[in-house]
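See below for the structure under consideration.
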Amino acid sequence: MSKYTEEELKKELETKEYEYGFYTDIESDTIPVGLNEDVIKLISQKKNEPQWMTDWRLEAYKAFKDMVEPEWANVHYKKPDLQAISYYSAPNKKPKYESLDEVDPELLETFNKLGISLDEQKKLAGVAVDIVMDSVSVATTFKETLAEKGIIFCSISEAIQEHPELVKKYIGTVVPQKDNYYAALNSAVFSDGSFCYIPKGVRCPMELSTYFRINQAGTGQFERTLVIADEGSYVSYLEGCTAPSRDENQLHAAVVELIALDDAEIKYSTVQNWFPGDKEGKGGVFNFVTKRGLCEKNAKISWTQVETGSAVTWKYPSCVLKGDNSIGEFYSIAVTNNFQQADTGTKMVHLGKNTKSTIISKGISAGKSQNSYRGLVHVSPRAANARNFSQCDSLLMGNECGAHTFPYIENKNSSSRIEHEATTSKIGEDQIFYCNQRGIDTEKAIALIVNGFSKEVLNKLPMEFAVEAQKLLEISLEGSVG
Amino acid sequence: MLKIKNLKASIEDKEILKGINLEIKPGEVHAIMGPNGSGKSTFANVIAGREEYEMTDGSIELDGEEISELDPEERAHRGVFLSFQYPVEIPGVSVTNFMKTAINETRKAQGKDEMPAKDMLKLIREKSELLEIDRKFLSRSLNEGFSGGEKKRNEIFQMAMLEPKLSILDETDSGLDIDALRIVANGVNKLKSKDNATVVITHYQRLLDYIVPDYVHVLYKGRIVKSGGKELAHELEERGYDWIKEEVDA
Ligand SMILES: Nc1ncnc2c1ncn2[C@@H]1O[C@H](COP(=O)(O)OP(=O)(O)OP(=O)(O)O)[C@@H](O)[C@H]1O
Ligand SMILES: [Mg+2]
């Protein structure tokens, strides 16, 4: 581990409260609350979108109006009032910085608090950062290096302007507008997000990284991410998020679509630590996300996620294994503490022959939280020799939390092989005492045990993310035991 | 170094230790023997500060300072080490990582900087050689799937790494094969100095052939009922505990 980790770790351990709970006061352009066709047209207009995009949004909105909020997930919350949300908020003057001196100091301060100042990021070799702050991408770096290889990495708004043919061709192909309630909402009102295209045969030379942040009180964030890996290409994409503390719940309904064409590979890693609400369960982000990837022949998509934040999470990064020999992977750590609720898992849809999927899910529950794994493995009649291996482990801390596993298997092909393993364990007094006896205090002992429990997934994360993820695990479990 | 006076302790309102007095000076080795269930492990755990055991009376002084109110980790920071009779498994945490954390947490508590990586590496190399431990072993999850003997050897490896002032070895010999016993005992002997002390809890004289005690105590029904030199261990090996029980119960 680097010195950064250890130092940071120690510092973080001293912080009890959600440390990213601050609010940046940047002037922003916010439209009035409410949701209707005019609002959608206004968003599209403000973003100067072509007609086809406006129409696409309106089509989504039409479908949305006939849909109802789903209730099957194992979570309980007060439904957000969608008419009380403002659907667009952009930093006032969309800046184009030549140097850091031109950047709004408050914005820089925010980045500093996040430990991701542009300055630092620039030095962090191999990481290009596209920062989405309250819906509009305000800074993009490393673009040129990427451009040399023909890689497009920009905000989705920019892509709509600059590469309409790609956006038009792929948007909604993996997650259709009417896929589900929140996906439809997102399709209608999405404000920004990231777009990435890797040309044929190109191996993206660096980890692409985006930091999302919800910043304006009362604005839900609806990002749309579209990643296309053309034939034989490779990309590793990192998504990390933090949000300031707020009293009222903030809605977050993102859509991420991944397309891996023949022989392509996409690694998509997420670290999510949005405000989980306070110790009494007040506030926190509602995180209702639709993430799905499509694999063509011999393609591979890996989802890796570390979920520690949000009051309510509802998220199932999935893979549609359409092409023969394609591979889907899902590695997940979900931590819930206090009053958090998470219902997360994956769907592996085997359509092609010889398709393979692996699911490793680690749920950690503390406090009065509820943590559910929900996974579907679907094998179609055509998917000869499909293979799946699922492993769901739960770790409980204390007696007031809950861990639940809901594995669904739909197998329509007798040549397939599906394996499912599940374990539930508790952190034992004897483990804690053993650590204590070696000079490790209880808080640190828990972090150590939890990190050990999560190791298989942590190992899947790119190095710099793994460090952050470990830190987050510790922060989110602080104060969870005596 | 360690001064224990009238130590009484209970678990779930059942009194297990009924007034133990013991003084250990730097450089000494004390052996504690006694029938199953007599309270040996309880005694070790109470000194280490395990919360499940309630200390109801008496005092534990380490270097003249009362430690019975301290948390287990604080006692560890002051140099108390317990080699567990049943070492605990921690899945996913390598022996190396565990030791690194233990050492650095202890150093932090003592106001020292973290141990530089190269010193750590050197220490690991040296101590794993001392206990003839394969380096690959150190990358495995702590105690997970270790054989009984491997667990015990690993306990002494940890002791070697932490260089405690007071080591309490709770049946470290059980589960060790003849060669391992020699290696482990040899390790313990090498770690002995005039400044530290060792308490060896055992059922068998054999270990005491290697780690030669200055004193042997017999614990029975929560009390030290007999103390003597190393020849007492021989006598117990020959005669068993009945004669002592008779003396006490009479
Ligand atoms: N957690 C516990 N709950 C209930 N009783 C306990 C507990 N721990 C110890 N005891 C009891 O306390 C008594 C002393 O146990 P202890 O483990 O100290 O014995 P010991 O001398 O170490 O025995 P052995 O030689 O078998 O290791 C025993 O009767 C045991 O059953
Ligand atoms: Mg015992």
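The values are calculated or read from the model by the stated rules, or taken from the named source; none is laboratory data. On a predicted model such as this, the values are computed, not experimentally measured, just so you know. In this analysis, Cβ positions are derived from the backbone assuming ideal geometry, glycine residues included, and neighbour counts consider all displayed protein chains. Keep in mind that these areas ignore ligands, DNA and RNA; they rest on the heavy atoms of the full protein, side chains included. Shrake-Rupley method; radii C 1.70, N 1.55, O 1.52, S 1.80 Å.
Residue by residue along A:440-449, Cβ atoms of other protein chains within 10 Å of the local Cβ number 5 on average. Computed over every Cα-Cα pair of segment B:53-201 and binned at 5 Å starting from 0, the pair-distance distribution P(r) comes out as 2, 9, 18, 22, 22, 15, 9, 4, 1, 0 percent.
Based on the Cβ-Cβ distance of B:Asn21 and B:His203, what FRET efficiency does E = 1/(1 + (r/R0)^6) give at R0 = 25 Å, to the nearest 0.05?
With R0 = 25 Å, the Cβ-Cβ based efficiency is 0.65.
Which entries in the list A:Lys65/A:Lys282; A:Lys279/A:Lys426; B:Lys165/B:Lys190; A:Lys41/A:Lys65; B:Lys127/B:Lys151 go over 18 Å, if you measure between the two C-alpha atoms of each?
On the way: A:Lys65/A:Lys282 29 Å; A:Lys279/A:Lys426 22 Å; B:Lys165/B:Lys190 14 Å; A:Lys41/A:Lys65 16 Å; B:Lys127/B:Lys151 16 Å.
The answer is A:Lys65/A:Lys282; A:Lys279/A:Lys426.
With both residues required to sit in segment A:131-429, DSSP beta bridges show an antiparallel share near 5%.
Across peptide B:97-105, what mean number of C-beta atoms from other chains lies inside 10 Å of a residue's C-beta? Could the numbers behind the result be given before it?
On the way: counts 5, 6, 1, 2, 9, 7, 3, 5, 8.
Taking the mean over all residues of the peptide, I get 5.
Each principal axis of chain B carries a Cα extent, and these read 60, 40, 34 Å when sorted largest first.
At 1.4 Å probe radius, can you tell me the per residue accessible area of segment A:131-429 in Å²? Before the final figure, lay out each step's value.
Details: 9070 Å² over 299 residues.
Computed with neighbouring chains in place, this is 30 Å² per residue.
If the convex hull of the alpha-carbon atoms of segment A:131-429 is projected onto planes in all directions, what is the mean projected area in square nanometres? Don't skip to the answer; put the middle values down first.
Working: hull surface 60.6 nm².
For segment A:131-429, the mean projected area of the Cα convex hull comes to 15.2 nm².
Return the distance in nm (one decimal) between the two label points of a simple spin-label model at A:Glu456 and B:Glu129, each offset 7 Å from Cα along Cα→Cβ. It works out to 3.8 nm between the two label points. In the structure shown, the pairs A:Lys200/A:Lys291; A:Lys149/A:Lys356; B:Lys40/B:Lys100; A:Lys149/A:Lys353; B:Lys8/B:Lys194 are assessed against 25 Å; a Cα-Cα span above that value is assigned to A:Lys149/A:Lys356; B:Lys40/B:Lys100; A:Lys149/A:Lys353; B:Lys8/B:Lys194.
Computed FRET efficiency, Cβ-Cβ of B:Ser59 and B:Lys136, R0 35 Å: what is it to the nearest 0.05? That gives a FRET efficiency of 0.20. Computed from protein heavy atoms with a 1.4 Å probe, the total accessible area buried between A and B is close to 2400 Å². Residue separation of B:Asp113 and B:Val212 scaled by 0.36 nm, minus their Cα-Cα distance, works out to 32.0 nm of gained length.
Taking only protein heavy atoms and a 1.4 Å probe, the accessible area of segment B:1-153 is 44% carbon and sulfur.
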